[in-house]
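A.B. asks: Got a structure for you, questions after.
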Amino acid sequence: MTTTNVPTSSVRIADGAQVHESAALGSGTRVWELAQIREGARLGEGCVVGRGAYLGTGVSVGANVKIQNYALVYEPATLADGVFVGPAVVLTNDHNPRAVDPRGRAKGAADWEPVGVTVAEGASLGARSVCVAPVRVGRWAMVAAGAVVTRDVPDFALVAGVPARWIGWVGRAGERLQEVAPGTWQCPRTGARYEEPAPGRLTEA
């Protein structure tokens, strides 16, 4: 199935991809083979959805988002503009997953309430990382490959490990920031400066 919500000439959907007719894809978006985009999903302009990736029902994706091969983005996740989702990343939606209820009966859609992952502008999720909902990954933050995020990640934070913990700061360019004065950090690539007004919080100077 292909979407009817955008001009077909402005979107590229590879053979073998499944895009529900109620999904909306922004102009310039590309969907590669074996990807699946479910009912009511919304993608902005210029997105890339890699081979075998999955976007659940009603997932909201901003512009210029890259979702790499075999990433699983379960509803009700929200990805802001410029987010990077690495290969085989998983965004969960059930904090207490069970296949059956306490009596052993199979659970249906009405037996649980999904909770989502929110990924803010420009943030990056490294390959095979897992975000356990409900969590928020802040603006321009970076989650290291293989990390398991179980609590909110501050803006510009670099987190790694299982469970993920803060190990430093990153700037918009993705480089690890260097502390050039107490509470002042600088990007080694661009020279951009950032201020740490309080522990665990970073802002652009």
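A.B. asks: Of the peptides 55-62, 12-19, 108-115, how do they stack up when ordered by the mean number of other Cβ atoms within 10 Å, highest first?
C.D. replies: Ranked from most to least packed, the peptides come out as 55-62, 12-19, 108-115.
A.B. asks: Among residues other than GLY58 whose Cβ falls under 12 Å from its Cβ, what is the net charge (Lys/Arg +1, Asp/Glu -1)?
C.D. replies: 0
A.B. asks: Right, another one. Using a cut-off of 14 Å between beta-carbons, work out the net charge of the residues near GLU179 (Lys and Arg +1, Asp and Glu -1, GLU179 not included).
C.D. replies: -1
A.B. asks: Over all alpha-carbon pairs of the stretch 8-170, lay out the pair-distance distribution in 10 Å bins, whole %, shortest bin first.
C.D. replies: So the P(r) values, bin by bin, are 12, 40, 31, 15, 2, 0.
A.B. asks: If you don't mind, another one. Could you let me know the centre-to-centre spacing of the stretch 177-200 and the stretch 49-87, using Cα atoms, in angstrom?
C.D. replies: 30 Å
A.B. asks: Report the residue, chosen from GLY174, GLY104, GLY40, that carries the largest GNM mean-square fluctuation when the chain is represented by alpha-carbon nodes joined by springs under 10 Å.
C.D. replies: Greatest mean-square fluctuation among the candidates belongs to GLY104.
A.B. asks: For every other residue with a beta carbon closer than 11 angstrom to the beta carbon of ARG189, add +1 if it is Lys or Arg and -1 if Asp or Glu, then tell me the sum.
C.D. replies: That works out to +1.
Every read-out reported here was derived from the displayed coordinates using simple, explicitly stated rules and does not represent laboratory data. Quick caveat, the model's predicted, so the values are computed rather than measured. Cβ coordinates were reconstructed from backbone atoms using ideal geometry, including for glycine residues, and neighbour counts include every protein chain displayed.
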